[in-house]
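Single-structure report; data block below.
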Amino acid sequence: MWDSKQAAVAAIEEKKDLIADVADHIWEFAELSLMEKKSAEFYCQLLEKEGFRVERGICKIETAFSASFGSGKPVIGLLAEYDALSGLSQKAGSLVREELIAGGTGHGCGHNLLGAGAFAAALGVKAYLEVSGCSGTVILYGCPGEEGGAAKAFMARDGVWKDLDVALTWHPEDVNEVRTGSSNSCIQVQYKFTGIASHAAGAPEKGRSALDAVELMNIGVQFLREHMSDKARIHYAITDAGGCSPNVVQPRASVLYMVRSNHVAEAVELQDRVDRIAQGAALMTDTTFERQFIDGLADTVSNQVLEQVLYDNFHELGVPEYTAKEHAFADALATTYPGSDAVPGIAARYEEAAKEQVKELRARNGHAMNEFLAPLYKGEAFHPGSTDVGDVSWLTPTAQIHVASWPNGCPGHSWQNVSCDRTGIGHKAAVHAGKVLAATAVDLLEKPELLAAAREEFEKRTAGGYVCPIPAEAKPVIPD
């Protein structure tokens, strides 16, 4: 069976310089969520040149796209992301904090690598389909706004993922492993209150304070905390306090809320309670408010059948190898943040035996880059963060891997990530991720029993049905 994957792996190796160039272009663009116009168009033009059928602006999202090759079943989806983060402009390959552009943007979550790796996988599967002549379709989805837009969830609302037999993706991390476990669902809503301005001393009775409404809403939510699941979380930020003059009754104020829960249905229910608190705050202050839905995404549904296939291919392919210069850079970068001695990986978090195994692997490794494959965890894990990959996983069997792209313990959304993203270390991660995903896709194309088993597990885990957190009328927006 491995011989049949050679075309896919060889095609990626042959185009590794192109894949690195893609990662670097997206790194340079560093566009924020739902603003990735240059990044999306760069991918679309390149994919057309590579022989894919490209559809721009899918689901009425300007910077989303799909690129397909092949025909018939099974249909393998690959998920690409390419949005950056604010305030993380950073020079590449630097061991100190050095902004390229003051206050600028940067790929602190490595999405320049993520998209390039998914692109690499698409090239590999395409090469396999061309050589084998087998039935099957590969679709690379350009998914914008993961850092604040949840495009995959909007695409889930529109039914995009239902047509796939399976979806595969990856994410840069500090460890090589197969990801498993659920995550938090998340809903963001902004509440903009409007009152009446007035002199706070001369005519306070004529004023209606929007800031009072925001504060009362916040107090109401504090009391709600006692009466919600201990797995739920509610976060908020006052985004407009109405001005800086205390002798004016503030006529406007706004607050942005984020509601999280381990299950999307619970998050939707909790969000409804927060909405009613906003209504109560407006009634108490004789103000009005506008509710602006920002985004929402579901918890992640694991698929251990797919995770095993990913692990088997990861084990067969090994892990990225580094030069002495790359090791030296990573070792030095690891001294710039705390926690570089952490024991990485999901298995190490949940199993003592796995933790000891990883400790031994790290000690044997002797460098900050984790140059080994972490054990596969087969239990039920939980990640407190959120990702819109979750919405994909409710509509089709979905699995993903992590590939070491930064030194051990490197904090997420950091300048260190941005610095490492445009180095040989980052490039190798993207290329290797593409190989593992492509090899896994070949297994799924050639072994219908694997797809059947993955589908059976998916049906059991999603038997309760998908509750979409995106209202029918909502459109992707960035909060003010």
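The values are calculated or read from the model by the stated rules, or taken from the named source; none is laboratory data. Note that the structure is predicted; figures quoted are calculated from it, not measured. Because the Cβ atoms are built from the backbone with ideal geometry, glycine has one as well, and the counts that use them run over all protein chains shown. Just the protein is used for accessible areas: all its heavy atoms, side chains included, with ligands, DNA and RNA removed. Shrake-Rupley method; radii C 1.70, N 1.55, O 1.52, S 1.80 Å.
Taking Rh as the Kirkwood radius computed over C-alpha pairs, what is the Stokes-Einstein D of the range 1-81 at 20 °C in a medium of viscosity 1.002 mPa s, expressed in µm² per second? Estimated via Stokes-Einstein, D reaches 149 µm²/s. The stretch between GLU352 and GLN279 holds 21.4 nm of extra length on full extension. This uses 0.36 nm per residue minus the Cα-Cα distance. Extending 7 Å from Cα along the Cβ direction at ALA324 and again at GLN292 yields two label points whose distance is 5.6 nm. With each label modelled as a point 7 angstrom along the Cα→C-beta vector, the SER71-PHE382 pair spans 4.9 nm.
Here the chain is assigned +1 on the Cβ of each Lys and Arg and -1 on the Cβ of each Asp and Glu. Its dipole about the Cα centre then comes out at about 540 debye.
The value given for the range 350-480 is a Kirkwood hydrodynamic radius of 18.4 Å, derived from the mean inverse Cα-Cα separation. Computed over protein heavy atoms with a 1.4 angstrom probe, the accessible surface ordering of ASP295, ASP212, ASP286, largest first, is ASP286, ASP212, ASP295. Each label point was placed 7 Å from the Cα along the Cα-to-Cβ direction; for LYS231 and LYS447 their separation is 3.1 nm.
Estimated purely from DSSP H runs of n ≥ 4, each contributing -39500 (n - 2.57), the mean residue ellipticity at 222 nm for the chain is -13000 deg cm²/dmol once divided by its residues. So for the chain, averaging the separation of alpha carbon pairs under 8 Å that are six or more residues apart and normalising by length, what relative contact order in percent results? After rounding, I find 25 percent. Computed over all pairs of different Cα atoms, the Kirkwood value for the hydrodynamic radius of the range 3-138 is 15.9 Å.
What number comes out for the charge environment of VAL343, summing +1 per Lys or Arg and -1 per Asp or Glu over other residues with Cβ under 13 Å away?
Numbers: positive: ARG349, LYS355, LYS359, ARG362; negative: ASP174, GLU177, ASP341, GLU351, GLU352, GLU356, GLU360.
Overall, the nearby charge balance is -3.
Largest first, the three principal axis extents of the alpha carbons in the range 238-345 are 65, 39, 20 Å in whole numbers.
Taking every pair of distinct Cα atoms and averaging 1/r, then inverting, what Kirkwood hydrodynamic radius in Å comes out for the chain? 23.4 Å is the Kirkwood radius here. Sorting 164-174, 377-387 by average packing, meaning the other beta carbons within 10 Å per residue, from highest down gives 164-174, 377-387.
You can think of it this way: the chain between GLU269 and GLU98 has 57.1 nm of extra reach, that is 0.36 nm per residue less the Cα-Cα gap. Accessible area per residue was computed with a 1.4 Å probe on protein heavy atoms; ARG260 scores about 50 Å². To the nearest 10, the accessible area of TRP415 is 40 Å² with a 1.4 Å probe. Applying 1/(1 + (r/R0)^6) with r as the Cβ-Cβ distance of LYS37 and GLN222 and R0 = 25 angstrom yields a FRET efficiency of 0.05.
When the charge dipole of the chain is built from unit charges on Cβ atoms (+1 for Lys and Arg, -1 for Asp and Glu) and taken about the Cα centre, the candidate among GLN400, PRO476, ILE101 whose Cα reaches farthest toward its positive end is PRO476. Per residue, the chain exposes 39 Å² of solvent-accessible protein surface, assessed with a 1.4 angstrom probe and all protein chains in place. Projected over every direction and averaged, the convex hull enclosing the alpha-carbon atoms of the range 284-366 yields 11.9 nm². Taking the protein heavy atoms of the range 267-351 in the context of the full set of protein chains, the accessible area attributed to carbon and sulfur is 51 percent at 1.4 Å. Its Cα centre serving as origin, the range 162-310 has a Cβ charge dipole (Lys and Arg +1, Asp and Glu -1) of approximately 580 debye.
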